[in-house]
Every structure is written in C-alpha cells, then in structure tokens.
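The structure appears right after this line, and notes come after that.
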Amino acid sequence: MAEGIVAVTEQRDGTFRKVSYEVASEGRRLADALGTTLTAVVMGSGVDPLAAEIQQYGPDRVLALDHPELADYRVEAYTEALAQALAGDPPALILIGATVQGKDLAARFAARRDAGLAMDCTAIELRDGAFVFTRPMFGGKILAEVTIPEAPRIAAVRPNVLRIERRPAQAAVAKPALALQGIPTAVVEKRMDTSGRIELTEADIIVSGGRGTGGNFAPLEELAAALGAAVGASRSAVDEGWRKHADQVGQTGKVVSPTLYVACGISGAIQHLAGMSSSKVIVAINKDPDAPIFAKADYGVVGDIFQILPKVTEAVKALKG
Amino acid sequence: MNIVVLVKQVPDTESLVQIAADGVSIRKDDVKWIMNPYDELAVEEALRIREAKGGGVTVVSCGGPKAQETLRTALAMGADKAVHIQDPAAEGADALGTARILAAALKAMPFDLILCGQRGVDEDNVQVGPAVAERLGIPHLSFVIKVELLDGRVRGHRVVEGGTVVVEAPLPALLTTQRGLNDPRYASLPGIMKAKKKPLEVKSLADLGVDPATVGAAGRKVVVRALKLPPARQAVRMIGGETPEAVAAELVRVLHEEAKLI
C-alpha cells in the first residue's frame, strides 16, 4: 500500500472548523495503525497560526498551502492547490471533512485525480491491511461498506462523528510554492449569520420540530437555548414556511448525528427518520401514541409539547443552575 | 441560452429500502421510482431561465430502460428534448463512471449552462455534478439556492454552514441545486400529452465513444463490499407522569443521570 495519511483541514476566516480536529485525530489513529506518517494540510491565506495550532493533534508534518488566491474558498483554486501540493505518488489515504466545502472540494479533487472517493463516511476501519469505509446511503436507511482498491483514495468523513484526540507534536511545516493563475470564479458577497447559532451538522444536541408545532417554535427555541442546542425541523415544517430550508433534517435535507435529538411534534416520516437515525439518543415528544417516531426513539413522551417543553426547559435550567 | 439538465431516477424517499439477496445492491422490484428531488429543482430552474431568456432545455439521464419515465416527466414539465444514455455496460457505474459518461454526452451537444441536483438521494455521493464539470474543464458552483444570469456570466448563491456566499463564474458553467432554489411545477395534463411527442434520443456508450471498461461495474473505483441496515435500537422507554412537571422532571433526570447527556 502507498505510504502516508493526509488530513485536509478546513478553516473559515482564520478559525478551524471542528471537523479539522476530527480528520487530524482520525488520521493520527490510522497512521499509527499502519505504522506510517500523518501529514496535515492547512489551506488559506496567512495560515501560520493554523499550521501551529494543528500540531496539537499529532501530525508528523504540516503542509501549509498559503496563497492570496486561497483567502476565500473557491473550488477551482482549492482543487488546483491541493493537486499541486499532492502531486506525485499518492498517499495511502486522503481524509477530508464532509462539510459543504469539503464535499465540494473532495468531489472535484477526486475527479481531477481520477480517485475513488468514499463520501460522508461515518467509520473507517483497517481489515487485513485494507481500509473499509462505512458510509450511509439513502439518507441513512442503508449503511454501505466500501473499499477503494487503488490509491489515490479519498474519504470525506461526516462531521461530528469521529473522536477528537489531542496529541501535541512538533511537526515541520512545509510551505510549497503554488502557481494559481487564471482562477475563473470570484466571491462577490458573503452573507454570514453572526447570531452565533449552532450549525445543525456540528451540534451535539438538536431540538427539532414538525407539524405538531403548528408553526410555533418558541418553546423549542427556549429549550435549545437552555441546552446549548441547535434547532431543526421536519420537511413538513419547512414546506409550511415555518422554518428555513437550512433547518431541515431528513433524506432531502441535512443528515445529522448529534448525541441527543429531541423530536417535538414530529410524526416520523420515513425520510425524516433516515436523516436523524444515526443520533446517539433520540427523545420523541408527540401527542399521538401511535406516531412512527416512537419506534425509532430511545425515550418517548406522549403529550402536548406546549405543556411539556416549557417544564423541560425549567428543569434543564434548574439542573444547570 | 442552451441549458442541459442532468437528471436521475431514484427510489421515492417515502419508501423503505431493502437489501437484495446479493448483499451489495438494493431490491429494485416493488419500489416506487421518482425523479431525484434535487434534479426537479434543476429542471424547474432551467425552465424559468428559458422563460426569461429564451433558448432550449435538454434533459440527460444515464440509467436503465425505466429511467425514460423520469425523462418523460421532465419533458412533461416543459423541457424541449431528452437524451437517454442506456447501455448494459453502464450499469453499476460509480459516481466517477457516471460523470465520465455524462461528460462524454455533453461534449457532443451545445451548452451554456448545466444544472443538476447537489446529490442523488439514493447513493448520496454528492459527486457527479462537480466531477462532470471537472471532466469538461468548466467551473462549477454547488449547493445553489439562487441563480442570476449576467452577460456571459452566472452568479450562484451558495448555501454554506451558517450563511450564503455569492460566487460568480464565466459561462459555460455547471450549477448544482439545493433546496430553497424554487418550487418545482407539476407536469400538467397537456404537458404530459405533449411530452409523448417530444424528441427522446437513446444513446449507447459506443455512440458516445466511451470505453465500457472505464465505466460501469468494471470501472468502479469504489467497490461495495456489503450493504447493511442500521443497527436496531432498543425498544422505546416511555416516560409518563401525573403532570407535565412530573414528566419533564423524569425526562431530564433520565437524560442527566442515566444517559449522561445533559
């Protein structure tokens, strides 16, 4: 097998996204298991602080792709930079976080290198010296175990699934020269939510609402605030216009893997269940004792969310003091 | 403006998916098939652009004989013509193989703009759009919820975690669609009748000059070893109580003391 593991990190405005620590930690574990090296890749413009920070997660080498053309993410520039930096013999495995940016970059880079790509993996194992990637399909209704017989191999790993492990290291930082001319695309505007809302795919806890909310998400927002949780929604709640598309959990929305998923007034359509079934613990609160959601839940409460949720919020606040 | 839309037929998201006897594919009988919901957004957007700017909309799909239903649906929505790449040697292609086939078909037709869903809701690869763009050597903008056409350029409003980024690309370009872009129209009855007479061309890999060894099951870079169902959960534990306060207290206690989550 080809040598070395490469973990491609992701930053925005000089701050790592959480998945960067996840890919670096997983890369370290796999490199140790194979007795090979881990290279962490940081990309952007002015990335010295990030190249220093990622050393906390145990790379043997840091590849800093530092160029003004990489200041804002554009897939053509990032693909080209990665292709130049990773030219030559392919490593045994390239890891990347399956965020919006990571999926986009992984897909284009895989096509550039004609490389097998296991998208949105939730586990990577070594069996008889070969990588076996587990990836949900059909929004999580099916788990596929796939292999990529030949390098280059790319695995985009689902955020919020792999364990973060700090392993402070002293790694050499290499800064290869990059030639990035003629990038055809330009970022003309960025409109970011600065309210500090927690992104669904990165949230440890999600409080989610469906048709049973009748469009009133206030009690869910209050519970979410008390828990430090993100607020999600079912497709019907989004179709009703009660919540934004970005909040939708399900096979045609976001597939999430929090440690705790609280489904409020969600009956449990198959496509919704697919999108949240990899949550560690599921709580369902619904008026209808026959709602399909209860078959997928760990804990169930039959009752009116408008009576129960405010009391849950009070109890959580009391607990957290 | 020549717009090409890439569409795929997938199992209905409201249906259960069952693993076939071979253990590496899904059961295809007694499944309801639909147009990939993200591709519906792409068809709708193409029709709106044509209505505003003129031009033609061609829909392209790679799939077995049944995939023709999805092409007919797109024609019934209002697309002008369809290309169906149907070849037994294309079956079992992975995302890169499919992209290779679609790119070969696109090279043989005029296009200013290519639209497709951000992913197929079957294999969830999120790869084919960007891979087609790469093989054609054109820019792509993924996860787009708004499209603006300027003179010779396109602006895509891309949804990223926590916001929207507007990116501009020269045409020709490929865009992948995200929910929120539009509300796809239903095919009308007259539309369905008209669709039966619209041109639908069937092409083989040989017609496209694609070497069968590089695509289909033979050309897979990613090999499926096994399909499994997600692990079953233990039976639900119902939490009751005399009052909402009592129920809430017990729920929070269980999550805190037993599940240790809060």
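The values are calculated or read from the model by the stated rules, or taken from the named source; none is laboratory data. Fair warning: this is a prediction, and the values are worked out from it, not measured in the lab. Note that we place each Cβ from the backbone using ideal geometry, even for glycine, and neighbour counts take in every protein chain shown. Remember, those area values only see protein heavy atoms, side chains included, never the ligands or the DNA or RNA. Shrake-Rupley method; radii C 1.70, N 1.55, O 1.52, S 1.80 Å.
General remarks:
- Overall, the anisotropy analysis places the stretch A:125-214 in the oblate class: the square-rooted eigenvalues a ≥ b ≥ c of its C-alpha gyration tensor yield a/c not less than 1.5, with a/b not exceeding b/c.
- From largest to smallest, the equivalent ellipsoid semi-axes obtained for chain A from the alpha-carbon gyration tensor read 38, 21, 18 Å.
- Per residue accessible area of chain B, 1.4 Å probe, in Å²: 43
- Pairs beyond 27 Å (Cα-Cα), from B:Lys146/B:Lys194; A:Lys280/B:Lys28; A:Lys244/A:Lys296: B:Lys146/B:Lys194; A:Lys280/B:Lys28
- Rounded to the nearest 20 debye, the dipole magnitude of the protein assembly as shown is 640 debye, with +1 charges on Lys and Arg beta carbons, -1 on Asp and Glu beta carbons, and the Cα centre as origin.
- Extending 7 Å from the Cα toward the beta-carbon at both B:Ala213 and B:Asp151 defines two label points whose distance is 5.1 nm.
- The stretch A:5-174, Rg to Rh (Cα coordinates; Rh as Kirkwood inverse mean 1/r): 0.93
- Taking 4 °C and 1.567 mPa s as conditions, the stretch A:200-320 diffuses translationally at an estimated 95 µm²/s according to Stokes-Einstein applied to its Kirkwood radius (Cα pairs).
- Residue by residue, the stretch A:69-85 carries 3J(HN,Hα) couplings of 5, 9, 4, 9, 5, 9, 4, 5, 5, 5, 5, 5, 4, 5, 5, 5, 6 Hz when phi is fed to the Karplus relation 6.51 cos²θ - 1.76 cosθ + 1.60 (θ = phi - 60°); x denotes Gly or Pro.
- Unit charges at the beta carbon, dipole of the protein assembly as shown: most positive-side option, B:Ile19, B:Ala213, B:Ala235: B:Ala213
- Kirkwood Rh (inverse of mean 1/r, distinct Cα pairs), the stretch B:121-262, angstrom: 21.6
- Highest-MSF residue in chain B out of B:Val121, B:Val247, B:Val166 [GNM, Cα springs under 10 Å]: B:Val247
- Cβ-based charge dipole, the protein assembly as shown, positive-most Cα from A:Ile124, B:Ala246, B:Val128: B:Val128
- Take the Cα of B:Leu171, go 7 Å toward its beta carbon, and the backbone nitrogen atoms of the stretch B:122-147 under 17 Å from that spot belong to B:138-141, B:146-147.
- Within chain A, antiparallel bridges make up roughly 20 percent of the DSSP beta bridges whose residues both belong there.
- Looking at the stretch A:172-281, the trypsin sites (Lys or Arg not before Pro) that sit in a DSSP loop and have at most 15 other Cβ atoms within 10 Å of their own Cβ are A:Arg197, A:Lys244, A:Lys280.
- Ignoring aspartates and glutamates fewer than eight residues from B:Lys81 along the same chain, the ones with Cα atoms less than 12 angstrom from its Cα are B:Glu201.
- Chain B, Cα convex hull volume normalised per residue, Å³: 193
- Ligands, DNA and RNA aside, A:Phe306 has an accessible area near 80 Å² when probed at 1.4 Å.
- Helical contribution to [θ] at 222 nm, DSSP H n ≥ 4, -39,500 (n - 2.57), averaged over the protein assembly as shown, rounded to 500: -8000 deg cm²/dmol
- Taking 7 Å steps out from each Cα toward its Cβ at A:Arg127 and A:Thr259 produces label points 3.0 nm apart.
- The heavy atoms of A:Phe294 offer some 10 square angstrom of accessible surface to a 1.4 angstrom probe.
- Beta-bridge orientation, the stretch B:113-213: approximately 65 percent antiparallel, per DSSP, counting only bridges with both partners inside.
- Prolate/oblate/rounded label for the stretch A:39-127 (Cα gyration tensor, a/c 1.5): oblate
- The residues of the stretch A:85-132 occluded by other protein chains by 20 Å² or more of accessible area, set against the chain on its own, are A:Val100, A:Lys103, A:Asp104, A:Ala107, A:Arg108, A:Ala111, A:Arg112, A:Asp114, A:Gly116, A:Leu117, A:Met119; surface from heavy atoms, 1.4 Å probe.
- Only the Cβ atoms of Lys and Arg (+1) and of Asp and Glu (-1) were treated as charged; on that basis the dipole of chain A about its Cα centre amounts to roughly 400 debye.
- Estimated translational D of the protein assembly as shown in µm²/s (Stokes, Kirkwood radius over Cα pairs; 10 °C; 1.306 mPa s): 64
- Interface size B-A, as summed buried accessible area [1.4 Å probe, Å², nearest 100]: 7000
- Exposed GluC sites (Glu not before Pro) absent: longest stretch of chain A, with sites in DSSP loops and at most 15 other Cβ within 10 Å deemed exposed: A:4-149
- Considering only B:Leu175, B:Leu229, B:Leu106, the Gaussian network model of chain B with Cα springs below 10 Å gives its largest mean-square fluctuation to B:Leu229.
- For the stretch B:1-104, the Kirkwood hydrodynamic radius from C-alpha pairs, put into Stokes-Einstein at 10 °C and a viscosity of 1.306 mPa s, yields a diffusion coefficient of 108 µm² per second.
- For chain B, size of Cβ-based charge dipole, Lys and Arg +1, Asp and Glu -1, in debye: 640
- Among beta bridges identified by DSSP and lying wholly in the protein assembly as shown, the antiparallel ones come to about 35 percent.
- Between the beta carbons of A:Ala52 and A:Asp89, assuming R0 = 22 Å, the FRET efficiency works out to 0.20 to the nearest 0.05.
- Per residue, chain A exposes 36 Å² of accessible surface when a 1.4 Å probe is rolled over the protein heavy atoms with every protein chain present.
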